[in-house]
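Before any comments, here is the structure.
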Amino acid sequence: MAVGEEQDGEPDGRGEPDRKLGEQQGQQQAARQEGGLVARPRANGGPRPAPSPLLQPGSWGEQYAWTVPGTLPRAGRPYPDLMKGSVTVHFAAPPAQVWDLVSDITRIGEFSPETFEARWLTRPQVAATGPEVGARFRGHVRRNGRGPVYWTTCTVVASDPGREFAFAVHGPGESVVNTWRYQLDPAAGGTDVTESFELPGSLPFRLYWGLAGRARMRTNLTGMRVTLEKMKAIAENGSAG
């Protein structure tokens, strides 16, 4: 009989610590799965510690912490979902008034911490429906508010007056490197305005995000809130036009 085995259904007592350890590990695994998390096993086979509450699904920290190599991923979450973020601010102003602000790219320098000017490359139809899908413009960017400074070319990809305005930022060869979006939802006598960004899920961007995602997510979230708060002040003071 091997050490730790049972004979005639009675334990010899020497396998009890192993049994308790197995039960404890099983309980820890079940707790992680119940919270929507799955831990990667460590090299020595032991369980990872439970994640911080700041990293629980739906928390602010969770929006970028899962993108960093070595942290726990969310179960079943596709990688592209990790490379986007959003901020929502309530405006005490109607959607039509807010729409005039978010769709007028020539005013972007009044709001954005990084893009200090923008110019239309094609003449959009702005009289009644705002810029049409396919209209193109150039944005002058000061990265991180300091530099380097460069121009980007953008294309309007969504233009639904009073509801949504979005544009894609192009890189080499007309590839899309980011998509910025404003979504307007009537709420509480005003408008909930959500600004968001989303990077492509291709390998170069996954590599970039794995290295710089934490810092860039923080910068983008802060920048979007600054942008929306400045727009909010103008909209609520009746100076949208």
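Tabulated results
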{"item": "Filter result (surrounded by 14 or more Cβ atoms within 10 Å (Cβ to Cβ) and either modelled with pLDDT of 90 or more or within 23 Å of the chain's Cα centre (by Cα) (or both)) within the range 112-132", "result": "Ser112, Pro113, Glu114, Thr115, Phe116, Glu117, Ala118, Trp120"}
{"item": "Meets criteria (polar (S, T, N, Q) and surrounded by fewer than 16 Cβ atoms within 10 Å (Cβ to Cβ)) for Thr194", "result": "no"}
{"item": "Which numbered condition Ala166 fails, given (1) touching a residue at least 24 places away in the same chain (Cβ under 8 Å); (2) under 15 Å from Asp104 (Cβ atoms)", "result": "(1)"}
{"item": "Qualifying residue in the range 197-214 (condition: of a type in the set (Gly, Ala, Ser) and at pLDDT 95 or above)", "result": "no"}
{"item": "Test: Met231 is in contact with a helix residue (DSSP H, G or I) (Cβ under 8 Å, 6 or more places away or on another chain), in the same structural domain as Asp100 (by TED's automatic domain parsing) and buried (at least 19 other Cβ atoms within 10 Å of the Cβ)", "result": "yes"}
{"item": "Residue that is farthest from Met231 (Cα to Cα) [pool: residues in the range 94-111 that are surrounded by fewer than 22 Cβ atoms within 10 Å (Cβ to Cβ) and among the small types (Gly, Ala, Ser)]", "result": "Ala96"}
{"item": "For Asp160: the one exception among (1) under 19 Å from Arg136 (Cβ atoms); (2) of a type in the set (Asp, Glu); (3) touching a residue at least 24 places away in the same chain (Cβ under 8 Å)", "result": "(3)"}
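A quick yes/no check of all residues on (1) of a type in the set (D, E, K, R); (2) over 18 Å from Ala93 (Cα atoms); (3) touching a Cys at 6+ places or on another chain (Cβ under 9 Å); (4) not assigned by TED's automatic domain parsing to the domain that holds Glu110:
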{"residue": "Arg163", "(1), (2), (3), (4)": "yes, no, no, no"}
{"residue": "His170", "(1), (2), (3), (4)": "no, yes, yes, no"}
{"residue": "Glu174", "(1), (2), (3), (4)": "yes, yes, no, no"}
{"residue": "Glu195", "(1), (2), (3), (4)": "yes, no, no, no"}
{"residue": "Glu198", "(1), (2), (3), (4)": "yes, yes, no, no"}
{"residue": "Ser202", "(1), (2), (3), (4)": "no, yes, no, no"}
{"residue": "Phe205", "(1), (2), (3), (4)": "no, yes, no, no"}
{"residue": "Arg218", "(1), (2), (3), (4)": "yes, yes, no, no"}
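The values are calculated or read from the model by the stated rules, or taken from the named source; none is laboratory data. What you see is a predicted model, and the numbers here were worked out from it, not measured in a lab. Neighbour counts are summed over all protein chains in view; Cβ atoms, including those assigned to glycine, are modelled from backbone coordinates with ideal geometry.
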